[in-house]
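Below: one structure, written as C-alpha cells.
The values are calculated or read from the model by the stated rules, or taken from the named source; none is laboratory data. Predicted model, so just to flag it, every value in this text is computed and none were measured. Quick reminder, even Gly has a Cβ in these numbers, built from the backbone with ideal geometry, and neighbours come from all protein chains shown. Surface accessibility is based on the protein's heavy atoms, side chains included, excluding ligands, DNA and RNA. Shrake-Rupley method; radii C 1.70, N 1.55, O 1.52, S 1.80 Å.
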Amino acid sequence: MVKRHPNYLDQCNVFFSCTTCHSQLISQHDIVSRAFQGRHGPAYLVEKVVNMSLGGNEERMLMTGIHTVADISCHVCKSKIGWKYITAPEKSQRYKEGKCIIEKSKVIKECMIE
Ligand SMILES: [Zn+2]
C-alpha cells in the first residue's frame, strides 16, 4: 500500500530562525509560553536562544513593572529580535529571569528533517 502522507512530521525537528538571514535561533522545545507580548506584537517566552548577541542591561517599563532587560539581536544579521529578562521587580515575575522574549514577527518556523 502506498502511503499518501509521508510521516516526515514525526522526524521533523521544528525550530525558529531569523526572518532576515535564516540563522537558527530557537528550538521548539525551548518555548515556555506563546502568549507573551513583545514591543511589536505577539511574542514567545523562551528558555534559551542560540546565535544571538546580547546588548547592555537597561531598565525598562513593561506591562508588569520595571524590569532589567538586555536586547537580543541576531548574531549574524544584527536584527533586533527581542530581549532577555535579567531581573524582575516582583516575586510573581521572577520566573522570567534569565528567559527571553522573542517577537513572533522576527522569526520564522522551519522544519529540519534529520
Ligand atoms: Zn539574522
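The loop-placed trypsin sites (Lys or Arg not before Pro) in segment 59-107, going by DSSP, that have at most 13 neighbouring Cβ atoms within 10 Å of their Cβ come out as K78.
Stretching C12 away from V50 to a fully extended chain increases their span by 11.8 nm, per 0.36 nm per residue minus the current alpha-carbon distance. Heavy atoms of the protein chains alone define the surface here; on that basis the chain has 62 Å² accessible area per residue at 1.4 Å probe size. If you take all other residues with their beta carbon under 12 Å from the beta carbon of S17, and give Lys and Arg +1 and Asp and Glu -1, the sum is +1.
Solvent-accessible area assigned to carbon and sulfur over the chain amounts to 52 percent, based on a 1.4 Å probe. The stretch between H40 and M63, if pulled fully straight at 0.36 nm per residue, gains 6.9 nm over its current Cα-Cα span.
Our helix-only sum for the chain, with -39,500 (n - 2.57) per DSSP H run of n ≥ 4 divided by its residues, gives a mean residue ellipticity at 222 nm of -500 deg cm²/dmol.
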